[in-house]
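The next block holds one structure in the form of structure tokens; read it before the comments.
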Amino acid sequence: MVDGAVPIGCRSPHRSDLPGITAMWERCSLATRIARFHAPVSKIPRSYLTAVLSDPANSLVAVAEHADAVVALASLIPDGASSAELGVLVEDGWQRRGIGRHLVTHLIDAASANQLTELTASVLAENPRVAGLLRQVPGDFSMTREGTTLNVRVRLASARRAWRA
């Protein structure tokens, strides 16, 4: 349970989740899709789905247990031997309930288990809430702005303290 009101389960995605992920994508507004992929993407990128489903240990789906519906997808996509790009997509109707924060918390644990030392994320400047969340991750936080994009980098702390956003 994430926000205490609706039971949400988080787990690694399976190939059988593809229809649920696609249905969740269809329920996302264009603004939500743009916030995640920085472009008006009409279909969830096949390359992204392939990466998520081929490495389920570094990805999570959030499922509304009462409806057995995927409501969010989060991932760590490796971009080097010790670095990964963090991505989170939460369906519009489920935003601002702590689901994204919950998924990021679990992905930080996965990063640690996989001995990743750095996380990156690209965030639209008009969405500073996500950058603020990443600022709370233990480690050295840096952010640069390129036009409308905030490029966030977190060098994870070597002596990790428990982080629960």
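Details
- If you take the Cα centroid of the range 71-99 and the Cα centroid of the range 115-159, the two points sit 13 Å apart.
- Nearest 10 degrees, 0 to 90: helix 18-27 Cα axis against the chain principal axis: 90 degrees
- Distance-filtered residues of the range 88-105 - backbone nitrogen under 20 Å, label point 7 angstrom along residue 23 Cα→Cβ: 89-95
- Normalised by residue count, the chain yields a Cα convex hull volume of 108 Å³ per residue.
- Taking 0.36 nm per residue of sequence separation and removing the Cα-Cα distance, the residue 32/residue 149 pair yields an extension gain of 40.6 nm.
- Computed about its Cα centre, the charge dipole of the chain is approximately 280 debye, with only Lys, Arg, Asp and Glu carrying charge at their Cβ.
- Contour excess over end-to-end distance, with Cα ends at residue 126 and residue 114 and 0.36 nm allotted per residue: 1.2 nm
- Rg ratio (alpha-carbon, reference 2.2 N^0.38 Å) - the range 81-165: 1.06
A short reminder: the numbers here are calculations on the coordinates, not readings from a lab. Here the structure is a predicted model, which means the values were calculated and not measured. Ideal geometry is used to build each Cβ from the backbone, glycine not excepted, and the neighbour counts take in all protein chains shown.
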